[in-house]
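Below is one structure, written out as structure tokens; the observations come after it.
The values are calculated or read from the model by the stated rules, or taken from the named source; none is laboratory data. As the structure is a computational prediction, the values presented were derived from the model and not from experiment. Cβ coordinates were reconstructed from backbone atoms using ideal geometry, including for glycine residues, and neighbour counts include every protein chain displayed. When the accessible area is computed, the model is the full protein with side chains, heavy atoms only, and any ligands, DNA or RNA have been set aside. Shrake-Rupley method; radii C 1.70, N 1.55, O 1.52, S 1.80 Å.
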Amino acid sequence: MTPRRLGIVAVSAEGAALCYRTICAEGAAIFGRHAHPEVSLHTIPLADYMRPIDADRWDQVGEMLLASGERLRRAGAELLLCPDNTAHQGLDLVRDRSNLPWLHIAEEVAAVAAARHFRHLLVLGTRYLMEGPVYPAKLAARGIAHDIPDPADRARINQVIFDDLVYGRVDDTARRDFAKIIDKGRARGCDAVVLGCTEIPLLMNDGNSPLPTLDSTRLLARAALRRAATPG
């Protein structure tokens, strides 16, 4: 079997790197020893994405994703994925115009949450993601409720993501703060937490989280592996 070639549309480096490593490391379980699909990666600098994000111009974010995806198509990619939850607000505006199919990170998280019978998820991520539309619609379509942290906790999460995690810096104080925030969600009735920034898995996992985790980065990578193993 020749797997479909994957194109990673990167936005931030650490999330894209974790997604790439997961595809390469876990591909052997499907394709055989040391095997995985061909992978191409393209990234526009995060700074270029942040300008339209901060200006609430999600249409421009979408156009940037399409442009990156087109570069990957020309490089041979047959299936696209973006390991950046926040940017999916732009992807949702342009996905149907793409020349290649895209996986959607929130759809993959919602599918796994439903399969694991979770009914009320705490969503963590950038403030744009926590306060935005990416997850609510995808979870609601599966009959899954969601919650987000309070404003002060959202600000702390956002600060850790942009000041530390996107640079690969992991701090024990941040880890403790995230655990406290997740525990507040547990007290409000959440039964699992979405690690909805692709860098949060650098900090939190099932071993240190008060709630079961849904690692959006690895779930997207595993979905890409499954799709790569099926005919186009």
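In the set Arg156, Arg169, only one residue is assigned to a loop (DSSP other than H, G, I, E, B) and either touching a strand residue (DSSP E or B) at 6+ places or on another chain (Cβ under 6 Å) or charged (D, E, K, R) (or both); that residue is Arg169. Any residue in the stretch 132-152 that's within 14 Å of Ser216 (Cβ to Cβ): show its pairings with residues that are open to solvent by 70 Å² or more (accessible area, probe 1.4 Å) and among the hydrophobic types (A, V, I, L, M, F, W, C) at Cβ separation under 6 Å, as long as the two are six or more apart or on different chains. Pairs that qualify, where the first residue is within 14 Å of Ser216 (Cβ to Cβ) and the partner is open to solvent by 70 Å² or more (accessible area, probe 1.4 Å) and among the hydrophobic types (A, V, I, L, M, F, W, C): there are none. Of everything listed in (1) open to solvent by less than 60 Å² (accessible area, probe 1.4 Å); (2) part of a helix (DSSP H, G or I); (3) within 26 Å of Val94 (Cβ to Cβ), the single unmet condition for Arg218 is (1). Among the candidates Gln60, Gln89, the residue that is among the polar types (S, T, N, Q), open to solvent by 60 Å² or more (accessible area, probe 1.4 Å) and part of a helix (DSSP H, G or I) is uniquely Gln60. Check whether at least one residue in the stretch 73-83 is surrounded by 24 or more Cβ atoms within 10 Å (Cβ to Cβ), part of a helix (DSSP H, G or I), modelled with pLDDT of 95 or more and of a type in the set (A, V, I, L, M, F, W, C), and report yes or no. No, the stretch 73-83 has no match at all. Residue check: is Ile53 hydrophobic (A, V, I, L, M, F, W, C) and open to solvent by less than 40 Å² (accessible area, probe 1.4 Å)? For Ile53, the condition - hydrophobic (A, V, I, L, M, F, W, C) and open to solvent by less than 40 Å² (accessible area, probe 1.4 Å) - is met.
Looking only at residues in the stretch 172-200 that are touching a Pro at 6+ places or on another chain (Cβ under 9 Å) and part of a loop (DSSP other than H, G, I, E, B), the one that is most open to solvent (accessible area, probe 1.4 Å) is Asp191. Quick one: would you say Gly15 is open to solvent by less than 30 Å² (accessible area, probe 1.4 Å), among the small types (Gly, Ala, Ser), more than 20 Å from Lys138 (Cα to Cα) and assigned to a helix (DSSP H, G or I)? Yes; evaluated as a whole, the condition is true for this residue. Scanning the stretch 133-157 for residues that are of a type outside the set (Phe, Trp, Tyr), under 15 Å from the mean Cα position of the chain (by Cα) and crowded, with 19+ Cβ neighbours inside 10 Å returns Val134, Lys138, Leu139. Restricting the first member to the stretch 59-76 and to residues that are under 13 Å from Val39 (Cα atoms), and the second to residues that are surrounded by fewer than 23 Cβ atoms within 10 Å (Cβ to Cβ) and among the hydrophobic types (A, V, I, L, M, F, W, C), the beta-carbon pairs closer than 6 Å and six or more apart or on different chains are Arg73/Leu100. Checked against the criterion of being without any contact (Cβ under 8 Å) to a residue 24 or more places away in the chain and among the small types (Gly, Ala, Ser), the candidates Ala155, Ala187, Ala174, Ala179 yield just one match: Ala187. Count of the stretch 1-53 residues, restricted to those that are over 18 Å from the mean Cα position of the chain (by Cα), more than 12 Å from Leu225 (Cβ to Cβ) and touching a residue at least 60 places away in the same chain (Cβ under 8 Å), is 2. Quick check, is Ile161 touching a residue at least 40 places away in the same chain (Cβ under 8 Å) and either part of a helix (DSSP H, G or I) or of a type in the set (A, V, I, L, M) (or both)? Against the criterion (touching a residue at least 40 places away in the same chain (Cβ under 8 Å) and either part of a helix (DSSP H, G or I) or of a type in the set (A, V, I, L, M) (or both)), Ile161 does not qualify. Residues of the stretch 105-112 include none that is open to solvent by 10 Å² or more (accessible area, probe 1.4 Å) and more than 28 Å from Val160 (Cβ to Cβ).
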